[in-house]
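**Student:** What follows is a structure written as structure tokens; I'll ask about it next.
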Amino acid sequence: MNANALRGVLLVTLAYALVGASFTANSLLGSYPYAGGQALRYGAACLLLLPLLGRGGLAPLRTLTARHWVRLAALAGVGMVGFNLAVLAAERTAEPAVPGVLVGCAPVVVAVLVPLTEGRRPAPAVLYGALLVAAGAFTVQGWGRTDLAGIGWSAAALAGEVGFTVLAVPVLRLLGPKLLTAAVCGVGAAEAALVGLVVDGAGVVRMPTAVETGALIWQAALATVVGFVLFYMGVQRVGMERATLFTGAIPVAAALSAVLVADAAFGLPQAAGSLLVGAGAAVGTGLFARRSRP
């Protein structure tokens, strides 16, 4: 693995770790209007990113076609707002581990779907690595109580996670990580606000408590601004298929952060699952591949 690819791996791993920790932060927002909270999160993230774009940083948006804007709307609606709505709906009748396990299968889906859309065969090493990562995510989280609705919404969350990665590829080339994140957060904030107005009406937002404020700041500044930008920077270096292998860092980071915040346990299953996730990522990125001598 060359230095550029190694930087990509580190960027993506840190990004997914921040997203995983945000699951714990999300648990602190259980009483806050859901869609309104998402609108605040993505709106704040967009505003935080605008000064970082520099003079003329918005200019590439003028090159986008109507098809590109539809893709951005789908990316925000499916991969951000829709994903979070699906997780919330799944957890009404299923334990949190159930959507977590299904989302942990995203590397397998992406390892097959992305090559097929580009007219090539899936890379065996990436596919084998993705299967190990999915097994590791299952081991970390286990399997909980659920019903048919819980499984269905968990599958929808999986589709949202896949959409967040696959839909971003063409626009990432045009906009770059920071502008893409700012644009999709702006669109996502508008979509979440619309959902909130329909569902909650005038109660779409309220003044958050101190704990809720801290959770919203974490989600906006770290999980979204830093996490999304680092993820897309990593994708530019290692490609979407290999970048998605590191979704396994989400349950690991969620388990570790739960130990610190919620006094949860990190035992043998979590340790074994973390090792499987690491092994799968190493296999998929070619760390164990033999190099032929010149």
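**Student:** Give me the number: length gained by fully extending residue 145 to residue 211, i.e. 0.36 nm times residue separation minus the C-alpha to C-alpha distance, one decimal in nm.
**Tutor:** Value of the extension gain: 20.9 nm.
**Student:** Based on the Cα coordinates of the chain, what is the per residue volume of their convex hull in Å³?
**Tutor:** Once divided by residue count, the hull of the chain is 146 Å³.
**Student:** What number, in percent, do you get for the relative contact order of the stretch 3-285 if the mean sequence gap of Cα pairs under 8 Å and at least 6 apart is divided by its residue count?
**Tutor:** 42 percent
**Student:** Can you give the FRET efficiency for residue 199 and residue 65, using 1/(1 + (r/R0)^6), R0 = 30 Å, r = Cβ-Cβ distance, to the nearest 0.05?
**Tutor:** Efficiency, rounded to the nearest 0.05: 0.40.
**Student:** Report in % the part of the accessible area of the chain that belongs to carbon and sulfur, leaving out ligands and nucleic acids; probe 1.4 Å.
**Tutor:** Heavy-atom surface of the chain belonging to carbon and sulfur, 1.4 Å probe: 69 percent.
**Student:** Calculate for the chain the 222 nm mean residue ellipticity that helices alone would give, adding -39,500 (n - 2.57) per DSSP H run of length 4 or more and normalising by residue count, nearest 500 deg cm²/dmol.
**Tutor:** So the calculated ellipticity at 222 nm is -22500 deg cm²/dmol.
**Student:** Continuing with this model, one more query. Using the beta-carbon distance between residue 120 and residue 4 and R0 = 25 Å, what value does 1/(1 + (r/R0)^6) give for FRET efficiency, to the nearest 0.05?
**Tutor:** So the FRET efficiency works out to roughly 0.70.
**Student:** Can you give me the accessible area per residue for the stretch 202-249, using a 1.4 Å probe, in Å²?
**Tutor:** Per-residue accessible area for the stretch 202-249 comes out at 38 Å².
The values are calculated or read from the model by the stated rules, or taken from the named source; none is laboratory data. Note that this is a predicted model, so its numbers are computed, not measured. Here the Cβ is made from the backbone with ideal geometry for all residues, glycine too, and neighbour counts use every protein chain on show. Remember, those area values only see protein heavy atoms, side chains included, never the ligands or the DNA or RNA. Shrake-Rupley method; radii C 1.70, N 1.55, O 1.52, S 1.80 Å.
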